[in-house]
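For reference, the structure discussed in these notes is given below.
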Amino acid sequence: MTTLSTTTERSSSESIVDRDSHFDGLYKTEQNLTVEGQAEGEIQCKGTLTVEQGARVKAKVTARNVSVAGELEGEVTCQEVFKITPSGQVQATVTASRLT
């Protein structure tokens with residue numbers, strides 16, 4: 001009898017709006033979302049929303065965690081940590097458990 005051993009690591013998937021893309025509308029994801037380009041409208045992210053340097057987000061955001069290295073404008077509800085890096089620019093009403 002041969003036993004087949006498979007090591008399948010389930011890494012959490014991640015959605016990406018790449019630097020050449022512009023999203024406008026409602027974006028819902030159960031996982032993490034990284035924005036490298038532009039996103040407008042509403043973002044509902046059950047994981048971490050990452051706004052990369054050079055990215056622009058103008059939206060109503062709900063996420064577990066948010067990290068901003070680019071530009072974020074709008075209204076943010078963050079269940080855990082809202083982080084702004086030195087390159088990040090935020091013009092938003094933010095509700096979060098912790099700001100860094």
(message) Anything in the range 57-98 that is out of contact with any Lys or Arg (no Cβ under 8 Å at 6 or more places or on another chain) and open to solvent by 80 Å² or more (accessible area, probe 1.4 Å)? List them, or say none.
(response) Lys58, Lys60, Lys83, Pro86, Gln89, Gln91, Thr93, Thr95, Ser97, Arg98
(request) Output the residues belonging to the range 66-100 that are of a type in the set (S, T, N, Q) and part of a strand (DSSP E or B). (result) Ser67, Thr77, Gln79, Gln89, Gln91, Thr93, Thr95, Ser97
(request) Among the residues of the range 63-78, write down those that are within 14 Å of Asn32 (Cβ to Cβ) and of a type in the set (S, T, N, Q). (result) Asn65, Ser67
(message) at pLDDT below 95, surrounded by 11 or more Cβ atoms within 10 Å (Cβ to Cβ) and among the small types (Gly, Ala, Ser): which single residue out of Ser11, Ser15, Ser5 fits that description?
(response) Ser15
(message) Please count how many residues of the range 21-31 are part of a loop (DSSP other than H, G, I, E, B), in contact with a Gly (Cβ under 6 Å, 6 or more places away or on another chain) and of a type outside the set (Ser, Thr, Tyr).
(response) 1
(request) Go through the range 26-58 residue by residue and tally those that are of a type in the set (Lys, Arg) and on the phi > 0 side of the Ramachandran plot. (result) 0
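The values are calculated or read from the model by the stated rules, or taken from the named source; none is laboratory data. This structure is a prediction, so every number in the text was calculated from the model and none was measured. No Cβ is skipped: glycine too gets one built from the backbone with ideal geometry, and neighbour counts run over all protein chains shown. These accessible areas exclude ligands, DNA and RNA; they are computed on the full protein's heavy atoms, side chains included. Shrake-Rupley method; radii C 1.70, N 1.55, O 1.52, S 1.80 Å.
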